[in-house]
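The values are calculated or read from the model by the stated rules, or taken from the named source; none is laboratory data. Note that the coordinates shown come from a computational prediction; the quantities given were computed from them, not determined experimentally. Quick reminder, even Gly has a Cβ in these numbers, built from the backbone with ideal geometry, and neighbours come from all protein chains shown. Note: accessible area is taken over every heavy atom of the protein model, side chains too, but ligands, DNA and RNA are not part of it. Shrake-Rupley method; radii C 1.70, N 1.55, O 1.52, S 1.80 Å.
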Amino acid sequence: MYVVSVINYKGGVGKTTVTANLGAELANRGMKVLLIDLDPQASLTFGFYDPDDWRERLRDSRTVKRWYDGLREGNPSITLGELVVSPGPANARLTGTGRLDLIASHLQLVDIDLALARSVAGGEEYDAELFRVRGSLAEGLLADGLEPYDMVLIDCPPNFNVVTQSAIIASDHLVIPAKADYLSTLGIDYLHGNVRELVEQYNADARQFATVRRHQKVAPGVAGVVFTMIQLLARQPIATHQRYMDQVRNLGLPVFPTALRENVTLYATNTPRGVPVVLRDRVTVPAVRDELRQLATEFLDHLQPDRQPV
Ligand SMILES: Nc1ncnc2c1ncn2[C@@H]1O[C@H](COP(=O)(O)OP(=O)(O)O)[C@@H](O)[C@H]1O
Ligand SMILES: [Mg+2]
């Protein structure tokens, strides 16, 4: 099982779009894919379930908030495996034996973070608790019922709070969607530095605090930056975008050769409801779908087969 976080501090850069479409394409190629929505804005969740449906069927019983609630109370009442749902319309589109499942988010997931941060006073006790919480998702993914998944894709919130940190610690790889503009390129370097610091701190803490839990060293790597919402001219990114794309390459970070073009009409609609763009058979601009497929191929190529999951 690979665990991959889709992450960027900035909102509106295409994290959710990349998560949904990458997941859908891999599932369509026969993989068993689990999407986890960790963003309290729940855009990924609402891409698959309409808000009424979510309220009736998921809100109180089947969201990742319930799991983090148990964690905070030191009394896990449910495993991640018990929270999995299978969005119908998307799965109906899949050919072959693939699967596209979801652990939904909750609009109040944001409170969890504050509560976790406040739950311990300070000093060594605080460090130990922080270590436990940061490692919680990695541990939680070992739960019963999750063994069949080939791929877990985590849609991260646009921040670096403790829930996001737990996603990074659980991950083998990070995918960083970004727009090709000034602020996005600044942010990527900063994000990369913070990830590195977090991982170093976590591995140092593991030596001090790890008791019975598995505490192999974590070492998530950047699978690549994927540029999104790119404007094309004669099939090439416009010069402004190209300049920022080159800048990120110059940071030494891997960049996926395929960038996703801007197409508001296609990406803004959720029609047919709950079906990511890559699975829609009547895509008006086939090149958009081809691009998403190509990105999935590049992503798979990047994964090292000898690398073991957390
Ligand atoms: N390639 C694209 N072209 C045009 N609009 C896009 C594209 N990718 C995403 N969008 C739209 O941009 C908005 C933000 O994308 P989203 O994936 O939700 O970003 P994030 O998860 O980083 O906040 C959404 O309305 C989405 O439909
Ligand atoms: Mg999002």
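Taking the DSSP bridge list for the chain and keeping only pairs wholly inside it, about 10 percent are antiparallel. For the options ALA219, ALA24, ALA92, a Gaussian network treatment of the chain with springs between C-alpha atoms closer than 10 Å singles out ALA92 as fluctuating the most. A straight line joining the Cα centroids of the range 214-247 and the range 271-287 runs 23 Å.
Dipole of the range 2-302 (Lys/Arg Cβ +1, Asp/Glu Cβ -1, origin at the Cα centre): which of ASN161, THR271, ASN75 lies farthest to the positive side? It is THR271.
Can you give the accessible area per residue of the chain, in Å², using a 1.4 Å probe? Result: 45 Å² of accessible area for each residue. Ranked by the mean number of other Cβ atoms within 10 Å of their residues, highest first, the peptides 39-45, 56-62 fall in the order 39-45, 56-62. With a Förster radius of 41 Å applied to the C-beta separation of ALA219 and GLU124, the computed FRET efficiency comes to 0.95. Projecting the Cα atoms of GLN294, TYR202, PRO89 onto the charge dipole of the chain, computed from C-beta unit charges around the Cα centre, puts GLN294 farthest toward the positive end.
Sequence-distant contacts, meaning Cα pairs under 8 Å at least 6 residues apart, place the relative contact order of the chain at 27 percent.
Summed over qualifying helices (DSSP H, 4 residues or more, each -39500 (n - 2.57)) and divided by its residue number, the chain shows a 222 nm mean residue ellipticity of -13000 deg cm²/dmol. A simple packing score, the average count of other Cβ atoms within 10 Å per residue, orders the peptides 235-248, 274-287 as 274-287, 235-248, with the highest score first.
By the compact-protein rule of thumb, 2.2 N^0.38 Å, the alpha-carbon radius of gyration of the chain corresponds to a ratio of 0.97. How large, in percent, is the carbon and sulfur part of the accessible surface of the chain at a probe radius of 1.4 Å? Ligands and nucleic acids excluded, carbon and sulfur give 49 percent. Antiparallel beta bridges, as assigned by DSSP with both residues in the range 164-310, represent about 20 percent of the total such bridges. Between ALA92 and LEU232, the simple label model (points 7 Å from Cα in the Cβ direction) yields a spacing of 3.1 nm. Apply 1/(1 + (r/R0)^6) to the Cβ-Cβ distance of ASP144 and THR284, taking R0 = 35 Å, and write down the FRET efficiency to the nearest 0.05. The formula returns an efficiency of 0.20 here.
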